[in-house]
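Participant: Take a look at this one; I'll ask things after.
The values are calculated or read from the model by the stated rules, or taken from the named source; none is laboratory data. Source: prediction; values computed, not measured. Here the Cβ is made from the backbone with ideal geometry for all residues, glycine too, and neighbour counts use every protein chain on show.
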Amino acid sequence: MPRFAQIISTGRYLPEKVRTNAELDEMLGEPVNQWLLDNVGIRERRLIGEDEVTSDLAVYAARQALERATLPPEDVDLIILATDTPDYISPGTASVVQYKLGTANAGTFDVNCACSAWVVGVDIAARYIAGDEEYNNILVIGAYGMTPFIDWTHKRTCTLFGDGAGAIVLRVGDRPGFLGANIKSDGAFHDYMGIFIGGTVEVTGGEGTRPQKLEIRKRFPPDTNNLGWPPLVRALMDKIGRQVSDIDKIYFTQLNLRTIEYVMNDLGLPLEKTHTTMDKWGYTGSACIPLALDDAITQNIGPKPGELIVFCASGAGYTMATAAFEWTQK
């Protein structure tokens, strides 16, 4: 009998601390609020607490997803953590999450392809479920604790980023579920934006080492996602034998509201078929899409059974990923 991966629950966590655009106006000594609202769509963002680390964010979101699925922790077979802000370079943060959650029977690994990592993790999880009878319940978590790496005097970065985590439980079922996915990359952009210190290129810890901060060393062309997302979505629809017009809900990386508006228009889809959260949570990297999905569901404007949903993500590197599901959750 065929095995299909179905999304059976979602969960999220946002830290309590809020930093508004008005606060940034004061911190930077110049107005950024109106520009952010007009051009990006961000009004405020959440900041990880002083007593929190990335694994904590992931655990809170995962725990909610497990509770909603009525799934005991011991029944989780695998945890895939999508993050580029791990607790440590090594070991993987998914192992920390497993310990804190009490999911003692779960295998674990991290996925780091920047902000597209959660969609990649969903693709991997779906293929585990389809291909191996030992994997029936998989947690896929996107967790983002970027603000500790932010230079709060640097206008181009401190205005965008926020912290949070989103999670889903994938369970084996006898019908789709997961329909397919695409992953694309352009490594020519690998040195444009990132946290470049802490690996073998430049190890931290020695005398005189530079602070480990997010850097934008080169500027991405402003239409990078405008040009990248529509062909990726169309290619996925061709792959699964559906039309773009068949899409009922589509969730994007929450970097820029104007980009999402442009892409929806390019695809010929009404804005009602997407959902955005950057206004209240900022840009939350690999957590963006599961947070947007969970937020839509909790507002009762999320997917309905039988609907075609698509996830479309991109991140530094430059990486892109899409995945499609037929929604089964009631």
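Participant: Quick check on my filter: what residues within the stretch 51-94 are part of a loop (DSSP other than H, G, I, E, B) and surrounded by fewer than 17 Cβ atoms within 10 Å (Cβ to Cβ)?
Facilitator: Selection gives Asp51, Thr70, Pro72, Tyr88, Ile89, Ser90, Pro91.
Participant: Could you check Gly162 against (1) surrounded by 16 or more Cβ atoms within 10 Å (Cβ to Cβ); (2) farther than 26 Å from Asn33 by Cα; (3) small (Gly, Ala, Ser) and say which number it fails?
Facilitator: (2)
Participant: Looking only at residues that are touching a strand residue (DSSP E or B) at 6+ places or on another chain (Cβ under 8 Å) and among the hydrophobic types (A, V, I, L, M, F, W, C) in the stretch 95-106, which one is surrounded by the fewest Cβ atoms within 10 Å (Cβ to Cβ)?
Facilitator: Filtering the stretch 95-106 for residues that are touching a strand residue (DSSP E or B) at 6+ places or on another chain (Cβ under 8 Å) and among the hydrophobic types (A, V, I, L, M, F, W, C), the one surrounded by the fewest Cβ atoms within 10 Å (Cβ to Cβ) comes out as Leu101.
Participant: Out of the residues in the stretch 22-51 that are over 19 Å from the mean Cα position of the chain (by Cα) and of a type in the set (D, E, K, R), which is farthest from Ser9 (Cα to Cα)? Can you show your working first?
Facilitator: Kept after step one, since they are over 19 Å from the mean Cα position of the chain (by Cα), are these residues of the stretch 22-51: 22-39, 43, 49-51.
Add one more test, that the residue is of a type in the set (D, E, K, R), and what stays is 23, 25-26, 30, 38, 43, 50-51.
Working: Glu23: 35, Asp25: 39, Glu26: 40, Glu30: 43, Asp38: 34, Arg43: 28, Glu50: 29, Asp51: 28 Å.
In this case the residue turns out to be Glu30.
Participant: Something else about it: Being small (Gly, Ala, Ser) and more than 15 Å from Gly180 (Cα to Cα) is true for just one of Ala130, Ala106, Ala125. Which residue is that?
Facilitator: On the way: Ala130 fails: more than 15 Å from Gly180 (Cα to Cα); Ala125 fails: more than 15 Å from Gly180 (Cα to Cα).
Only one candidate qualifies: Ala106.
Participant: Of the conditions (1) over 13 Å from the mean Cα position of the chain (by Cα); (2) closer than 17 Å to Glu215 by Cβ, Asp84 fails just one. Which one is it?
Facilitator: Evaluating Asp84 over (1) over 13 Å from the mean Cα position of the chain (by Cα); (2) closer than 17 Å to Glu215 by Cβ leaves (1) as the failure.
Participant: So if I check each of Thr322, Thr328, which one is under 18 Å from the mean Cα position of the chain (by Cα) and hydroxyl-bearing (Ser, Thr, Tyr)? Lay out the reasoning, then the answer.
Facilitator: Working: Thr328 fails: under 18 Å from the mean Cα position of the chain (by Cα).
The unique qualifying residue is Thr322.
Participant: Also, quick follow-up: If Asn182 meets every condition in (1) assigned to a loop (DSSP other than H, G, I, E, B); (2) surrounded by 14 or more Cβ atoms within 10 Å (Cβ to Cβ) apart from one, which number is that one?
Facilitator: (1)
Participant: Pairs under 7 Å by beta carbon, first residue at pLDDT 95 or above and surrounded by 21 or more Cβ atoms within 10 Å (Cβ to Cβ) in the stretch 240-256, partner part of a strand (DSSP E or B) and hydroxyl-bearing (Ser, Thr, Tyr), six or more apart or different chains?
Facilitator: Final answer for the pair search is Thr253/Ser314; Gln254/Tyr283.
Participant: Restrict the check to the stretch 134-146 and report whether at least one residue is surrounded by fewer than 18 Cβ atoms within 10 Å (Cβ to Cβ), within 19 Å of the chain's Cα centre (by Cα) and outside any strand (DSSP E or B).
Facilitator: no
Participant: Still on this structure, I have one more. Given the options Asn265, Asn300, name the one that is at pLDDT 95 or above and in a loop (DSSP other than H, G, I, E, B).
Facilitator: Asn300
Participant: Follow-up. With Gly268, Gly302, Gly282 as the choices, which residue is at positive phi and surrounded by 19 or more Cβ atoms within 10 Å (Cβ to Cβ)? Quick ask: steps written out before the conclusion?
Facilitator: On the way: Gly268 fails: surrounded by 19 or more Cβ atoms within 10 Å (Cβ to Cβ); Gly302 fails: at positive phi.
Testing whether each residue is at positive phi and surrounded by 19 or more Cβ atoms within 10 Å (Cβ to Cβ) leaves just Gly282.
Participant: How about the stretch 303-330: which of its residues are within 24 Å of Arg175 (Cβ to Cβ), assigned to a strand (DSSP E or B) and out of contact with any Cys (no Cβ under 7 Å at 6 or more places or on another chain)?
Facilitator: Leu308, Ile309, Val310, Phe311, Cys312, Ala321, Ala323, Ala324, Phe325, Glu326
Participant: In addition: Can you give me the number of residues within the stretch 23-36 that are assigned to a helix (DSSP H, G or I) and either in contact (Cβ under 8 Å) with a residue 60 or more places away in the chain or of a type in the set (Gly, Ala, Ser) (or both)?
Facilitator: Narrowing the stretch 23-36 to residues assigned to a helix (DSSP H, G or I): 23-28, 33-36.
Filter again for either in contact (Cβ under 8 Å) with a residue 60 or more places away in the chain or of a type in the set (Gly, Ala, Ser) (or both), leaving 24, 27-28, 36.
The qualifying residues number 4.
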